[in-house]
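What follows is a set of notes on a single structure, which appears directly below.
The values are calculated or read from the model by the stated rules, or taken from the named source; none is laboratory data. Keep in mind it's a predicted model, so treat the numbers as computed, not measured. Please note: Cβ atoms are built from the backbone with ideal geometry, for glycine as well, and neighbour counts cover all protein chains shown. The accessibility values were calculated without ligands, DNA or RNA, using every heavy atom of the protein model including side chains. Shrake-Rupley method; radii C 1.70, N 1.55, O 1.52, S 1.80 Å.
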Amino acid sequence: MTKDRARGTVQRGEAGAFRRYVREWVRANAPAPGGPYDQWERRLLGARLICPAWPRAYGGSALGPLDVLALAEECARAGAPLVRRGVGEHLIGPAVLEHGTPAQRSALLPGIVSGADRYCLGFSEPDHGSDLAAVATAGEVRGEEVVVSGVKTWVADPHRANMVAVLCRTSPASPARDGLSLVLVPLASANGVRVRRVRELTGSAGLGEVRFEGARAPLSHVIGGVGGGWAAAMTALSHGRAHEAASAHLVFEERFWELVRQARKSGRSQEPAVRSRLAWAYTRITLMRAAGLRLAARIAAGKDTGAEAAVAALARSEFERRFGEIAVDVLGAAALVRPEGAGYGLSEWQEALLAGRGATIGAGTGEVRRNVLAERVLG
């Protein structure tokens, strides 16, 4: 092991060598089941394994996509939680790195790495949905500030965030895309931001409606400059989709083996119909991993990934819907009864069944994705 690695920092290199190194590092540093999460997070920070794809100057390790995927898989293998910074890491950070000024990178990125700044994404609106070019939320430049007024909907986890990235219209007279700006707004009631949680079919309320009533942000929080929001927003979304596509199989694989354990426990794992459904699911997860590796390799080679990411997103959403149905089929009648004393609460598998429908419309419906593939890939 090199001197740098002995100090806990990560070196880039050949993918297999990195995987062996990170497997050893995780084994040596991961907490025991139920162990102290804070200590594990501090170790990851010290080893620059939070936001690991970011440049070292901003707290990352400049890892390539294949190495980032290897890290995620090795943490999953060891049962150790991979600490991620969500929207901040996978959407806002890439937009700041590509479109932000050096001063913005230095000011905004460390807070994401440390976890001090937790972002949510304010793009969709009640009257415009995914038609981002038509957003109506207003951003008025007043001196050294932007004052934001309007409503965003289908915002994921706004109650856990203290910052919201808002796509707003700062130049109403400009053509649709040219008049938009991406503004990072402090999410606090004292700043004129109101959050109303939206209850879903599963009974959870992870989504929310966010209302801006004269919320303020400094001009230094406008990424890509005033009027440059469309390019910054597209960079954020493309990075988010690519990341999701490359690592989606990890969550599904964990759920799959838990379902296998439940099937064995109930004695149904030997039934031919059940084995057939489980085999179908595992095959799709394996294909999902292969597609993720191919996508990561294309990113590493600097190639366009739009087509692969679109195909992966469609396949992932359809699989999630079908997997929930398979889980309930495998578990049988027991899956139809809510846990005793849970009120509206659902079991893991009931929630998977109901949430699977949402997967086919979240972040773009399956129909829209098929149109994109037909037009941009098949011509």
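Points worth noting:
- Taken over the stretch 101-128, the criterion of being at pLDDT 95 or above, farther than 20 Å from Asp157 by Cβ and open to solvent by 40 Å² or more (accessible area, probe 1.4 Å) is satisfied by Thr101, Pro102, Ala103, Arg105, Ser106, Ala107, Pro110.
- Residue in the stretch 70-92 that is farthest from Trp54 (Cα to Cα), counting only those that are open to solvent by less than 30 Å² (accessible area, probe 1.4 Å) and touching a Leu at 6+ places or on another chain (Cβ under 6 Å): Cys75
- The set of residues in the stretch 344-364 that are open to solvent by less than 60 Å² (accessible area, probe 1.4 Å) and either over 24 Å from the mean Cα position of the chain (by Cα) or at pLDDT below 75 (or both) comprises Gly345, Gly362, Gly364.
- Within the stretch 203-252, being hydroxyl-bearing (Ser, Thr, Tyr) and within 30 Å of Ala103 (Cβ to Cβ) holds for Ser220, Thr235, Ser238.
- All positions within the stretch 301-335 that are touching a residue at least 12 places away in the same chain (Cβ under 8 Å), over 20 Å from the mean Cα position of the chain (by Cα) and open to solvent by 60 Å² or more (accessible area, probe 1.4 Å): Arg322, Asp329, Ala334
- Arg298 vs. criteria closer than 18 Å to Glu254 by Cβ, open to solvent by 60 Å² or more (accessible area, probe 1.4 Å) and among the charged types (D, E, K, R): no
- Whichever residue in the stretch 49-69 is of a type outside the set (Lys, Arg) and part of a helix (DSSP H, G or I) and, among such residues, is surrounded by the most Cβ atoms within 10 Å (Cβ to Cβ): Asp67
- Near pairs, Cβ below 8 angstrom, 6+ apart or cross-chain, from the stretch 63-77 (among the β-branched types (Val, Ile, Thr)) to any residue that is open to solvent by 20 Å² or more (accessible area, probe 1.4 Å) and part of a helix (DSSP H, G or I): none
- Among strands (runs of 3 or more DSSP E) entirely within the stretch 164-244, having at least 2 residues that are surrounded by fewer than 17 Cβ atoms within 10 Å (Cβ to Cβ) and more than 22 Å from the chain's Cα centre (by Cα) singles out 207-218.
- The one condition in (1) closer than 15 Å to Tyr119 by Cα; (2) open to solvent by less than 70 Å² (accessible area, probe 1.4 Å) that Arg160 fails to fulfil: (2)
- Any hit, the stretch 95-105, residues being more than 18 Å from Val68 (Cβ to Cβ) and touching a Phe, Trp or Tyr at 6+ places or on another chain (Cβ under 7 Å): yes
- The stretch 143-154, residues that are closer than 25 Å to Val198 by Cα and surrounded by 24 or more Cβ atoms within 10 Å (Cβ to Cβ): Val148, Lys152
- Scanning the stretch 24-48 for residues that are farther than 12 Å from Pro81 by Cα and open to solvent by less than 30 Å² (accessible area, probe 1.4 Å) returns Trp25, Ala47.
- Residue within the stretch 258-267 that is of a type outside the set (Ser, Thr, Tyr), assigned to a helix (DSSP H, G or I), closer than 21 Å to Ala70 by Cβ and out of contact with any Asp or Glu (no Cβ under 9 Å at 6 or more places or on another chain) present: no
- Arg369, sole failed condition from (1) modelled with pLDDT of 80 or more; (2) part of a helix (DSSP H, G or I): (1)
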